[in-house]
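J.: First the structure, which I've put down as structure tokens, then a few questions once you've had a look.
Every number in this text was worked out from the coordinates using simple rules, so none of it is lab data. On a predicted model such as this, the values are computed, not experimentally measured, just so you know. Heads up, the Cβs are rebuilt from the backbone with ideal geometry, glycines too, and the neighbour counts pull from every protein chain shown.
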Amino acid sequence: MNTQYENYSAAAEVGAVRKRRSRLERIWIDLKKAPLSAWFGMIVVFAYMVVALFAPLIAPYGEAEVFPEANAAWSSQFIFGTDQIGRDMLSRLIYGARNTMGIALMTTLLSFLIGGSLGLIAAISRGWLDQLLSRSVDVLMAIPSLIFALMLLSIFGSTVTNLVIIIALLDSTRVFRLTRSVAVNVVVMDYVEAAKLRGEGLGWIMRKELLPNIMPPLVAEFGLRFSFVFLTIAALSFLGVGIQPPTADWGSMVRDNANLIQFAGIDFRIGLTPLLPAAAIALLTVAVNFVVDWFLHKTSGIRDEH
Amino acid sequence: MDADEMNNNQSGAAAGDVLLEMRDVHIEGFSDEQWHPIIKGVDITLKRGEIMGLIGESGAGKSTLGLAAMGFARPGCRITKGTIRFDNQELTELPKKNKRELWGTRIAYVAQSAAASFNPAHRLIDQTVEAANRSQIRPVAESRSDAIDLFKALQLPSPDTIGSRYPHQVSGGQLQRVMTAMAMSPRPDLIIFDEPTTALDVTTQVEVLASMRKIVEEFHTAAIYITHDLAVVAQMADFIKVLRYGDEVEEAPTRSMLSAPQQEYTKSLWSVRDFEKPEEQGDDVVLSLDGIDAAYGKTKVLHDINISLTRGKTVAVVGESGSGKSTAARVITGLLPPGKGQVVFNGEALPRELKGRSKEQLQRIQMIYQMADTAMNPRQTVGQIIGRPLDFYLGLTGAAQEKRVLELLKMIELDESFIDRLPSELSGGQKQRICIARALAAEPEIIICDEVTSALDQIVQEGILKLLLSLQKEFGISYLFITHDIATVKAISDEIVVMFQGKVVEQGLKSEILNPPYPEYTKLLLSSVPEMDPDWLTNLLSERA
């Protein structure tokens with residue numbers, strides 16, 4: 001200890017030097033500590049993804065293959081029976097994962113692209129541009145989004161493209177709000193000022209200085225938004241303006257088979273048929289929320305008491 | 001109200017009794033999947049009415065030890081060994097419920113950042129009396145008038161009404177005193193002050209120190225005073241304990257510690273701020289502010305400022321917070337366009353706004369910030385941080401860039417192993433060195449240093465200042481050095497500018513400014529800098545009275 005000062009060197013100062021770990025090792029450590037609910041969520045999401053990706057391989061019949069017997073009971077040939085025009089329920093459930101999830105994913109990505117970049121621009125530039133964007137978003141948010149979406153879809157027609165663009169636009173308002181509010185906390189940091197003083201352009205500041213530092217809440221929001229978009233699409237399909245037949249989709253499947261529920265007294269399993277796509281929607285939403293909850297807790301920096 | 005009367009809840013307890021006894025305390029912290037020792041077997045014995053100073057550099061475990069004196073370990077920390085006896089109760093074995101009864105009422109804690117510790121939604125007086133009311137120390141009706149008495153004792157302005165304000169309506173120094181009143185309100189036996197004046201500037205610090213010392217003496221409260229500033233602890237403490245790497249280096253009564261420190265480490269702490277750069281007068285003016293007025297919205301902050309900086313020299317800008325030092329820097333960098341006047345660089349006027357300036361002009365004026373933590377993107381490695389200006393201004397990429405980064409790292413006395421570290425893996429001093437390297441990478445003519453050493457420990461400060469001086473000698477860079485610390489000014493400057501309320505009080509060579517005759521404000525500023533003399537505060541107060 002006596003010689004410490006004489007040999008003072010900046011390199012020997014004790015920083016919080018950590019053991020270097022590869023990304024994979026860090027992820028594994030986090031996973032080991034994940035609670036049961038998060039594991040459940042991850043397994044379910046993973047299973048859905050496998051089903052969606054390999055739908056043609058898994059499904060016993062084609063997506064729009066019609067069999068003579070409509071509203072067939074559950075049997076070994078049609079595990080969950082057939083729908084009102086004689087298509088295999090199980091196959092349509094499997095293809096539905098692909099369609100509903102794929103469209104929801106695209107919509108969410110688009111809404112993050114729009115809302116995220118506008119939010120970052122608003123946070124960096126402030127002033128009148130920020131006011132203009134924020135107030136326009138306020139106006140959009142003041143209109144109930146489901147009714148607004150219904151209106152727009154009936155004006156422009158319910159194609160998949162329109163569906164994706166309209167829901168993405170309406171949803172991007174919430175992404176904008178979140179991105180802007182987390183980014184304004186980062187914008188005031190000295191390193192952003194240093195980048196401005198260096199003469200860096202808007203694009204660099206957005207991509208390199210802000211985005212990496214606001215990722216965790218955005219990733220969590222992505223999961224949540226995905227759930228909501230998914231529910232919105234299902235709701236719109238249920239109302240008949242979402243994904244159009246013959247494309248398999250869980251929302252419209254609930255609607256089409258809803259009247260089967262009255263036969264539950266005769267054959268209990270037939271009554272269950274319309275509930276299957278509804279359960280698929282519910283399970284995915286719950287699973288995504290479990291994962292998001294865990295992720296938010298992990299990145300919030302709250303330490304568990306040891 | 002009489003001090004004895006106010007002190008009645010400790011009736012029967014004579015001064016001189018041992019109040020707090022910590023033996024062989026070990027504390028561990030959890031990080032990176034492992035428990036690491038933070039405190040490695042420290043003993044503390046504190047009698048009633050005594051004040052212990054706890055000093056050491058950051059990371060020495062001072063705050064952890066201070067909290068342990070309350071029987072508390074932060075989340076992620078645990079007390080693994082040792083005994084903590086407070087007034088004959090063993091805190092390590094006491095259930096949490098009983099500890100909660102002690103906390104806030106018999107042991108109080110005054111945190112470093114008062115602004116962060118108050119609830120912004122409640123009035124000051126309600127927060128001041130909360131602990132006393134909760135534990136029913138005295139009738140609720142009396143606690144308000146008692147709080148007002150405390151405000152008076154702490155020399156707060158308009159003590160009768162200040163309590164009805166909200167935290168954001170009073171200044172930092174006042175808030176720190178209200179927090180002391182809050183700690184005092186239940187008349188605790190022990191107060192732990194954790195760097196209570198570190199965030200304040202010198203002129204405010206003197207007032208806060210004086211009122212804290214007065215009230216602690218008046219109520220005969222024992223205290224642990226945690227700080228890294230030796231001169232401050234010399235004013236407050238009866239005895240001092242020096243801590244390093246979680247272990248005790250030395251303990252002695254204040255006077256003997258100051259006059260004859262035993263350990264090498266302690267001596268090095270004491271001698272650290274003796275070096276002083278001989279002043280030199282420059283002739284070649286590289287930057288000047290001519291008649292600058294600047295305002296934030298409608299609030300005018302700078303009034304007709306004239307400052308000039310010569311090539312290869314250092315101008316130190318001193319003044320308390322709010323005097324406009326940092327605003328002047330923002331005008332120079334173009335972040336805040338001046339209302340009137342111009343910034344002249346190398347004989348030509350710089351465009352007022354950042355947008356209007358060329359890359360070349362931006363490159364020549366670089367800036368280093370006070371908080372190195374927030375001045376570096378936490379997601380970029382050291383190599384990326386230093387490499388960016390090389391790429392941006394000089395077009396260096398790939399191997400050439402890496403070679404230059406390594407050269408720069410060598411200049412700031414760090415080795416090549418640092419190149420892929422993240423800022424969170426560096427110590428405070430190392431972070432500030434990386435910021436210096438980043439400024440240096442642009443090959444500037446001027447570096448604006450905004451309080452670059454004030455967040456660092458003294459030994460580290462000295463290292464940084466020496467580095468800056470040697471770089472200046474080598475590359476002929478001019479520094480505009482903004483600080484409120486007079487010792488730093490002595491160490492580094494050639495010329496000094498004294499600022500007060502947005503005006504320049506005087507500018508001149510160091511020897512002219514630091515020697516009499518002084519303008520009145522300069523005198524106040526200079527006399528407020530704590531000295532390593534236990535009687536300094538007492539003498540100063542009697543002088544000013």
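J.: Which lysines does B:K40 reach when only Cα atoms under 18 Å apart count, and residues fewer than 8 places away in its own chain are ignored?
T.: In chain and number order, the partners are B:K62, B:K81, B:K241.
J.: Applying 1/(1 + (r/R0)^6) with R0 = 22 Å to the Cβ-Cβ distance of A:M151 and A:L129, what FRET efficiency is obtained, to the nearest 0.05? Show your work: numbers first, answer last.
T.: Values: r = 29 Å, r/R0 = 1.30.
Efficiency computed from Cβ-Cβ geometry: 0.15.
J.: Nearest 0.05, what FRET efficiency do B:K97 and B:A121 give at R0 = 30 Å with Cβ-Cβ as r? Numbers along the way, then the final one.
T.: Working: r = 27 Å, r/R0 = 0.91.
Approximately 0.65, to the nearest 0.05.
J.: Given the Cα-Cα distance of B:N515 and B:D535 and 0.36 nm per residue of separation, how much length would full extension add, in nm?
T.: So the extension gain works out to 5.0 nm.
J.: Simple spin-label model, 7 Å along Cα-to-Cβ: B:V344 to A:S37 in nm?
T.: Spacing of the two 7 Å Cα→Cβ label points: 6.8 nm.
J.: Right, here's the next one. Counting only other chains, and only Cβ atoms inside 10 Å, what mean value do you get across the residues of B:367-379? Numbers along the way, then the final one.
T.: Numbers: counts 5, 2, 5, 1, 2, 2, 3, 8, 6, 4, 12, 4, 7.
Mean shielding by partner chains, rounded to a whole number: 5.
J.: If you rank B:I446, A:I27 by fewest surrounding Cβ atoms within 10 Å, what's the result?
T.: A:I27, B:I446
J.: Could you tell me the calculated FRET efficiency between A:D30 and A:R207, based on Cβ-Cβ distance and R0 = 30 angstrom, to the nearest 0.05?
T.: Once rounded, the FRET efficiency stands at 0.70.
J.: Run the helix sum for chain A: -39,500 (n - 2.57) per DSSP H stretch of 4+ residues, divided by residue count, reported at 222 nm to the nearest 500 deg cm²/dmol.
T.: After summing the helix terms and dividing by the residues of chain A, the value is -22000 deg cm²/dmol.
J.: So what's the back-of-envelope 222 nm ellipticity for chain B, counting only DSSP H runs of four-plus at -39500 (n - 2.57) apiece and dividing by all residues, rounded to 500?
T.: That calculation yields -10500 deg cm²/dmol at 222 nm.
J.: In nm, to one decimal, how far is the modelled label at B:D420 from the one at B:R255, with both set 7 Å along Cα→Cβ?
T.: According to this spin-label approximation, the distance is 5.9 nm.
J.: Now a separate question. Cβ neighbours within 10 Å, averaged per peptide: list A:69-80, B:73-84, B:323-334 in order, most packed at the top.
T.: Highest mean packing first, the order is B:323-334, B:73-84, A:69-80.
J.: Let me know the mean shielding of B:419-427 by other chains, meaning the per-residue number of their Cβ atoms within 10 Å of its Cβ.
T.: Across the residues of B:419-427, the mean count of other-chain Cβ atoms within 10 Å is 3.
J.: Can I ask one more? Report the residues of the stretch B:123-139 in range of a label on B:Q169: point 7 Å along Cα→C-beta, backbone N strictly under 16 Å from it.
T.: Taking a point 7 Å out along Cα→Cβ of B:Q169, the residues of the stretch B:123-139 whose backbone N falls under 16 Å are B:123-128.
J.: Also, I was wondering about something else. Classify the stretch B:249-331 from the C-alpha gyration tensor, please: rounded if a/c falls under 1.5, else prolate or oblate depending on whether a/b exceeds b/c.
T.: Working: a/c = 4.88, a/b = 2.02, b/c = 2.42.
In terms of gyration-tensor shape, oblate.
J.: Show me B:170-177, B:312-319, A:102-109, B:508-515 ranked by packing, highest mean number of other Cβ atoms within 10 Å first.
T.: Answer by packing, highest mean first, reads B:312-319, B:170-177, A:102-109, B:508-515.
J.: Follow-up. Going highest first, how would you order B:127-136, A:259-268 by mean Cβ packing within 10 Å?
T.: Final packing ranking: B:127-136, A:259-268.
J.: With the contact rule set at Cα under 8 Å and sequence spacing of 6 or more, what percent relative contact order holds for the stretch B:385-435?
T.: Averaging sequence separation for qualifying contacts and normalising by length gives 28 percent for the stretch B:385-435.
J.: Relative to the present Cα-Cα distance, how much length would full extension add between B:E407 and B:K523 at 0.36 nm per residue of separation?
T.: 37.4 nm
J.: Now a separate question. So if I take the centroid of the Cα atoms in the stretch A:237-261 and the same for the stretch B:280-331, what is the distance between those two points in Å?
T.: 71 Å
J.: Check cross-link reach from B:K214 to the lysines: straight Cα distance under 19 Å, and skip same-chain residues fewer than eight apart.
T.: The reachable lysines, counting only those whose Cα sits under 19 Å from B:K214, are B:K47, B:K152.
J.: Let me ask something else. Could you please rank B:F193, B:F118, A:F148, placing first whichever residue has the fewest other Cβ atoms within 10 Å of its Cβ? Kindly include the intermediate steps, with their values, before the conclusion.
T.: On the way: B:F193 27, B:F118 21, A:F148 15.
The fewest-first ordering by Cβ neighbours comes to A:F148, B:F118, B:F193.
J.: Next question. With labels modelled as points extended 7 Å from the Cα through the Cβ direction, what inter-label distance (nm, one decimal) is found for B:D284 paired with A:L239?
T.: Distance between label points: 7.4 nm.
J.: Continuing with the same structure: Could you tell me the distance between the Cα centroids of the stretch A:104-132 and the stretch B:247-272, to the nearest Å?
T.: Cα centroid of the stretch A:104-132 versus Cα centroid of the stretch B:247-272: 57 Å apart.
J.: Also, I was wondering about something else. For peptide A:182-190, compute the average count of partner chain beta-carbon atoms within 10 Å of each residue's beta-carbon.
T.: Mean partner-chain Cβ count within 10 Å for A:182-190: 3.
J.: Compute the separation of the alpha-carbon centres of the stretch B:84-114 and the stretch A:273-297 and state it in Å as a whole number.
T.: Each part's Cα centre sits 46 Å from the other's.
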